[in-house]
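Encoded as structure tokens, the structure appears first; notes follow it.
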Amino acid sequence: DYNNFKDIGISGITKDSNILALLNEVISVGNRDAIDSISELQFMTDAALALIDQAENATNVLSKSQLEILGVEAVTDSNLADIRKIIADAGENLDQIEKIQILVNKVVASHVIQAYRNNIIDNRPPSIVNYHDLGLTKIDANNFEAINSAIVTLDPSSLDSIDKIVTL
């Protein structure tokens, strides 16, 4: 509840239902040791505010550590810019970690596919899960090796965005 956050001195909190829902979820399912002080709760609140600001205004100030404190996994320095972009493109209604993690998983999957195409020797091939994370659920054990073989023949520019990968 908004008033509970204000009463304990959390600054910046708003009555925005996305922020409150996100904070309540993170607090209820997250690592309680990560939020056992007012300053840690403030950091988490700032992270939620940055995430919502990224979604609504594409501010590009959302950090890796902010996503991590919210419980988002697989964020790296090399994929942070694309994660910020997909969050901004998704717009509003990012009120659950699961929704955010789905977006991050899409970025991770696209990076796996791009890395495999660009350097097949040093990078692992995309998995069925990678394709499913992109929403390509018709790719399965019967056809994913053929898809991976086809990827290496494509021009790298045809794989430089999630949308391009999905439309192939």
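Descriptive notes on the structure:
- Exposure of Ser28 as accessible area (Å², to 10), given a probe of 1.4 Å and all protein chains: 70
- Build a GNM of the chain with springs between Cα atoms under 10 Å apart, and of Ile121, Ile113, Ile87 the one that fluctuates most is Ile121.
- Protein accessible area in the chain, 1.4 Å probe - carbon and sulfur %: 50
- The sum of -39500 (n - 2.57) across all DSSP H runs of n ≥ 4, divided by the residue count of the chain, sets its helix-only mean residue ellipticity at 222 nm to -17500 deg cm²/dmol.
- Cα gyration tensor category, rounded, prolate or oblate, for region 31-75 with a/c compared to 1.5: oblate
- Cross-link pairs exceeding 22 Å in C-alpha to C-alpha distance, out of Lys6/Lys64; Lys15/Lys99; Lys64/Lys99; Lys64/Lys138; Lys138/Lys164, comprise Lys6/Lys64; Lys64/Lys138.
- Over the chain, accessible surface divided per residue gives 54 Å², non-protein components excluded, 1.4 Å probe.
- Largest-first ordering by accessible area, 1.4 Å probe, given options Ile10, Ile120: Ile120, Ile10
- Size descriptors for region 42-98 (Cα atoms only): Rg and Dmax, in that order, 10.0, 27 Å.
- Positive-pole candidate from Gly135, His111, Ile121, dipole of region 1-143, charges at beta carbon: Ile121
- Within region 1-72, the percentage of alpha carbon pairs spaced more than 13 angstrom apart rounds to 62%.
- Normalised by 2.2 N^0.38 Å, where N is the number of residues, the alpha-carbon radius of gyration of the chain equals 1.19.
- The residues neighbouring Glu56, those whose beta-carbon lies less than 13 Å from its own, together hold a net charge of -4 under the Lys/Arg +1, Asp/Glu -1 convention.
- For region 92-148, the share of alpha carbon pairs falling in successive 10 Å distance bins from zero is 24, 45, 23, 8, 0 percent.
The values are calculated or read from the model by the stated rules, or taken from the named source; none is laboratory data. Bear in mind that the values here come from a model prediction, so they are computed numbers and not experimental data. Positions of Cβ are backbone-derived with ideal geometry, glycine not excepted, and every protein chain shown enters the neighbour counts. Surface areas here come from the heavy atoms of the whole protein model, side chains and all, with no ligands, DNA or RNA. Shrake-Rupley method; radii C 1.70, N 1.55, O 1.52, S 1.80 Å.
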